[in-house]
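This report refers to the structure that appears directly beneath it.
Nothing in this text is a laboratory measurement; each read-out follows from the coordinates by a stated rule. Only a predicted model underlies this, so the values are computations on that prediction, with no experimental measurement involved. For neighbour counting, all protein chains shown are included, and Cβ atoms are generated from backbone atoms with ideal geometry for every residue, glycine included.
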Amino acid sequence: LGDVYKRQLHTICMYARAIYMLLTMVLAWQVWIVPCGPRPDKPSLRTPVFHRYIMCHLAVNTTFGARYPVKVCDFEVHQPKALATYHLMEQLKSKYPQNDFYFVIGTDLVHSINEWPAEGVADAGEKLVSENKFLVVNRPG
């Protein structure tokens with residue numbers, strides 16, 4: 001594996017700790033991992049989205065297997081660019097109204113979430129916070 005892929009896989013595996021915590025502390029009955037789509041705004045994210053999607057599957061299957069309710073979702077894999085978090089949450093709530101979604105966010109991002117943009121949505125970050133539920137965790141690594 002190249003260095004980029006090794007770093008990406010390491011990051012995915014580090015998040016396994018947070019996922020394990022969410023499930024064992026019964027903060028969630030299921031965890032959905034949604035690898036982001038293409039991010040032209042992040043030139044350092046060079047690993048293609050489909051490769052990240054496959055790496056997430058490998059990490060989940062080898063770390064959790066069938067014992068834990070963790071699944072990798074392809075909501076953004078086939079999109080031309082990553083969805084804004086606001087739009088992703090709206091799509092999830094619309095497609096799965098029976099589910100009660102929480103967005104897991106690292107403590108390092110809490111201070112900026114009110115400013116997160118979403119195309120076509122005024123004050124998207126503030127709406128994201130007011131219209132959704134969050135679990136805040138220490139970012140691994």
*Computed over the chain, the ratio Rg/Rh where both radii use C-alpha atoms and Rh is Kirkwood*: 0.94
*Give, rounded to the nearest 20 debye, the magnitude of the charge dipole that segment 27-80 has about its Cα centre when Lys and Arg contribute +1 at Cβ and Asp and Glu contribute -1 at Cβ.*
140
_Charge dipole magnitude, Cβ of K and R +1, D and E -1 - the chain, Cα centre, debye nearest 20_ = 580
_Using DSSP H assignments, which helices in the chain have an axial alpha-carbon span of 27 Å or above and a mean Kyte-Doolittle hydropathy of -1.0 or higher?_
3-24
*What is the distance in Å between the Cα centres of segment 16-43 and segment 79-114?*
11
*Positive end of the charge dipole of the chain (Lys, Arg +1 and Asp, Glu -1 on Cβ, about the Cα centre): tell me which of Gly106, Thr85, Trp29 has its Cα farthest that way.*
Trp29
*asked:* Taking 0.36 nm per residue of sequence separation and subtracting the Cα-Cα distance, how much length would be gained by fully extending the chain between Ser44 and Glu126, in nm to one decimal?
replied: 26.8 nm
*Helix-derived [θ] at 222 nm for the chain: sum -39500 (n - 2.57) over DSSP H runs of at least 4, divide by residue count, nearest 500?*
-13000 deg cm²/dmol
*FRET efficiency estimate (nearest 0.05) - Cβ-Cβ, Ile54 to Lys93, R0 30 angstrom*: 0.65
*Quick one: how many lysine pairs does segment 12-141 have with C-alpha atoms less than 18 Å apart and a gap of 8 or more or different chains? Give me the count, please.*
6
